[in-house]
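See below for the structure under consideration.
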Amino acid sequence: MTVPLSILDLSPISAGSTAQQALRNTVDLAQHAERWGYHRYWLAEHHFVAVASSSSITLIGLVAANTSRIRVGSAAVQVGHHTSASIVEAFGTIDALYPGRLDLGLGRSGHRRAQFGAEPEHPKGGKPVVDTATGRTEIRDGVVVPPPFDPGRISDRSRFVASLRALQQPGAQAPDFADQIAEVRALLAGTYVSEDGIPLHAVPGENAQVQLWLFGSSGGESAELAGRLGLPFAAAYHVAPGTALDAVAAYRAAFRPSQYLSEPYVVVSADVVVGADDARASELASGYGHWVYSIRSGSGAAEFLAPDAAGPLTPDQRRLVDDRLATQFVGSPSRVVERLAALQRVTGANELLITSVAHDHADRLESHRLLAEAWGLGAARAA
């Protein structure tokens, strides 16, 4: 295939394992990904759940230290939980030791608009599942586009609210997203001036060789801002399959050439599990519905279940996660490559971002290895 593949890792914690082991698995997967020819290795920031990437910037430094060529970055720093100065200084510190390899991805923080998704086609085929409250699933050139998920269906928000309070100082208020992006850019460029007219310089951080990215899941502010600023943009199809294509379209419509890019550059994410055959892949992915349900129900991402512990979902559970099941790319290498190629065609993505969760680390490694081989990453790198 012609477009690069990259990896998005949440450092998931498997049932019966620990955060310490999840972090070791992340470093190990990054080292393998570099050898297999993946282009980037990005870490996600999530808090108070069963993933070990909460301190994603720290983990980026550890991955950079244990690899030599692959680009490493954030997908994405939740800016509402950090000051602009702390972000730039942290990335500047890592870049000082591993220059020219960092991607500084920025996204709206935990109080941004809720994610989207809804009730589409069953992953094993058959007619689309229709949620009469939200609309009907579309199939665009083989790509499942479910209706937008209504965040009002998440009944328990107490954990979400408590998390926001714990992540901010009492009385603190996150600045407007566009204003904070402007602060980050100014600190990187060495042009930052405080509200009372005092120039401040991030040390380290100023003139760091980092590539700035914006992330989004809908055709809202993030996509439009990335386009207006001429920055590369990542659209989260794996989280928001109902609106990710809208995000790509909004970004391209708003794009203006800049010092960073002469034309749009889009990465689109996908949830992927590859096995030796379709049956094996389905077995490995069997805990995914339970995992997504733990997120959508308001409890937060739970430990990922082993296949023999992941029983059938109840009808109510299924209705809450059917969109994510239908848009997970599960199967043999050839089947997954075919579906990813369709996603690339429909979105016009310049690059695809692969996230994969399995209970056993060896199975997750094998999923990424099989995909790299089927996509031709090793051959591309050799060429």
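Which of rounded, prolate or oblate describes segment 158-202 when judged by the alpha-carbon gyration tensor and an a/c cut-off of 1.5? Judged from the Cα gyration tensor, segment 158-202 comes out prolate (a/c at least 1.5, a/b above b/c). Note on Ser258 and Ala166: the model spin-label points, each 7 Å out from Cα along the C-beta direction, lie 3.4 nm apart. Working note: 222 nm ellipticity from helices only, DSSP H runs with n ≥ 4, each -39,500 (n - 2.57), summed and divided by the residues of the chain, gives -12000 deg cm²/dmol to the nearest 500. Size descriptors for segment 229-383, from the alpha-carbon set: Rg then Dmax equal 17.0, 52 Å. Sorted on the mean count of surrounding Cβ atoms within 10 Å across their residues, most packed first, peptides 161-171, 79-89, 2-12 read 2-12, 79-89, 161-171. For the chain, the antiparallel share of DSSP beta bridges with both residues in that region comes to about 15%. Does segment 1-80 come out rounded, prolate or oblate by the C-alpha gyration tensor, with a ≥ b ≥ c the root eigenvalues, rounded set by a/c under 1.5 and, if not, prolate when a/b is larger than b/c and oblate if not? Because a/c hits 1.5 or more and a/b exceeds b/c, segment 1-80 counts as prolate. Looking at segment 132-223, the GluC sites (Glu not before Pro) that sit in a DSSP loop and have at most 10 other Cβ atoms within 10 Å of their own Cβ are Glu195. Springs between Cα atoms under 10 Å define the GNM used for the chain, and in it the highest mean-square fluctuation of Leu102, Leu29, Leu313 occurs at Leu313.
Gaussian network model of the chain, Cα springs within a sub-10 Å range: biggest mean-square fluctuation belongs to which of Ala174, Ala372, Ala247? Ranking Ala174, Ala372, Ala247 by mean-square fluctuation puts Ala174 first.
We did not get these values from a lab; they are worked out from the coordinates using the rules stated. These figures come from a predicted structure and were not determined experimentally. Here Cβ is always computed from backbone atoms with ideal geometry, including for glycine, and neighbour counts include all displayed protein chains.
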